[in-house]
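Written out below as structure tokens is the structure these notes cover.
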């Protein structure tokens with residue numbers, strides 16, 4: 001009898017160890033995929049996520065991560081499909097609804113006018129659901145506020161709705177609240193107030209380099225290009241870790257057609273840093289650098305950058321097109 005009890009105990013321990021190992025392997029796989037996502041290693045992320053989904057197609061987190069890789073790759077239909085799947089599996093996840101809303105937003109930006117309205121309504125519904133599920137999700141609240149500021153009333157937009165979020169957001173994240181106040185003022189063409197609120201966000205932020213670049217973007221849109229350049233240089237001076245703020249600032253320089261060599265250096269510094277971010281995947285940044293080099297007449301340097309992008313994301317269409325055309 002003692003032998004039987006011992007055998008059962010050993011069996012139970014083995015089963016428990018196998019279950020724990022299986023969970024650890026799944027967790028490790030997703031952790032590695034998350035790191036791939038941040039590092040801009042799209043091919044590796046997709047491989048790992050598809051392996052996870054082969055083992056368990058009901059893995060909501062794997063579907064959500066695959067959606068986010070597709071957003072980076074500008075594969076909008078795939079992104080919507082996987083984000084919808086994540087929400088269907090885990091309908092109570094605030095973040096999954098937020099990402100589905102962002103996927104709908106990407107579709108809306110590229111759809112016909114009639115289709116865009118439908119996607120915009122879906123975006124609004126998902127953002128509102130994300131906030132309802134987690135009233136402390138400040139990213140969802142900020143995204144919803146931005147939608148309210150930019151969308152027409154026929155799809156549920158309106159600055160009054162955005163203003164109703166400011167007080168709630170202020171209690172949780174004063175910097176996001178100031179940014180939303182700036183967006184509200186900007187949408188009302190009260191540009192001096194919009195600038196004041198952005199400067200207040202800069203003063204209050206624990207990541208001032210990013211706020212300098214946000215201010216630079218505001219100046220670019222207002223045509224204040226000298227102020228834009230100065231704001232970017234102020235951000236560079238304090239961004240010792242070469243964060244994603246450099247990519248945002250470089251993008252403002254490129255759009256404003258100012259200081260391309262500085263923009264190129266900022267992008268290179270980001271690529272060499274350890275502070276990469278999901279919002280600026282390395283393969284996209286390589287393409288940006290390549291295009292700058294092509295404009296400067298460095299065709300071979302441009303090709304190296306395009307090929308570096310394709311090594312990370314072999315079917316990223318902008319990289320393929322740039323490699324074939326040289327620009």
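The values are calculated or read from the model by the stated rules, or taken from the named source; none is laboratory data. Computed from a predicted model, the values in this text were never measured in an experiment. Neighbour counts are summed over all protein chains in view; Cβ atoms, including those assigned to glycine, are modelled from backbone coordinates with ideal geometry.
The figures follow:
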{"item": "Long-range neighbours under 8 Å by Cβ, at least six apart or interchain, first residue crowded, with 17+ Cβ neighbours inside 10 Å within the range 267-281, second at pLDDT below 95", "result": "none"}
{"item": "Residue that is surrounded by the fewest Cβ atoms within 10 Å (Cβ to Cβ), among those in the range 130-141 that are under 19 Å from the mean Cα position of the chain (by Cα) and in a helix (DSSP H, G or I)", "result": "139"}
{"item": "Given (1) modelled with pLDDT of 95 or more; (2) farther than 22 Å from residue 63 by Cβ, index of the condition residue 104 fails", "result": "(2)"}
{"item": "Unique residue being over 18 Å from the mean Cα position of the chain (by Cα), under 23 Å from residue 79 (Cα atoms) and not in a loop (DSSP other than H, G, I, E, B) when the list is 123, 114, 98", "result": "114"}
{"item": "Matching option when the condition is touching a helix residue (DSSP H, G or I) at 6+ places or on another chain (Cβ under 7 Å) and under 30 Å from residue 242 (Cα atoms), among 216, 130, 162", "result": "216"}
{"item": "Given (1) surrounded by fewer than 15 Cβ atoms within 10 Å (Cβ to Cβ); (2) over 24 Å from residue 202 (Cα atoms); (3) in contact with a helix residue (DSSP H, G or I) (Cβ under 9 Å, 6 or more places away or on another chain); (4) free of Cβ contacts under 8 Å to residues at least 12 places away in the same chain, index of the condition residue 295 fails", "result": "(4)"}
{"item": "Candidates 199, 240, filtered to the one that is surrounded by fewer than 18 Cβ atoms within 10 Å (Cβ to Cβ) and either part of a helix (DSSP H, G or I) or touching a residue at least 24 places away in the same chain (Cβ under 8 Å) (or both)", "result": "199"}
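Quick grid of which residues meet (1) at pLDDT below 95; (2) touching a helix residue (DSSP H, G or I) at 6+ places or on another chain (Cβ under 7 Å); (3) surrounded by fewer than 20 Cβ atoms within 10 Å (Cβ to Cβ):
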residue: 289; (1), (2), (3): no, yes, no
residue: 303; (1), (2), (3): no, yes, yes
residue: 307; (1), (2), (3): no, yes, yes
residue: 311; (1), (2), (3): no, no, yes
residue: 318; (1), (2), (3): no, yes, yes
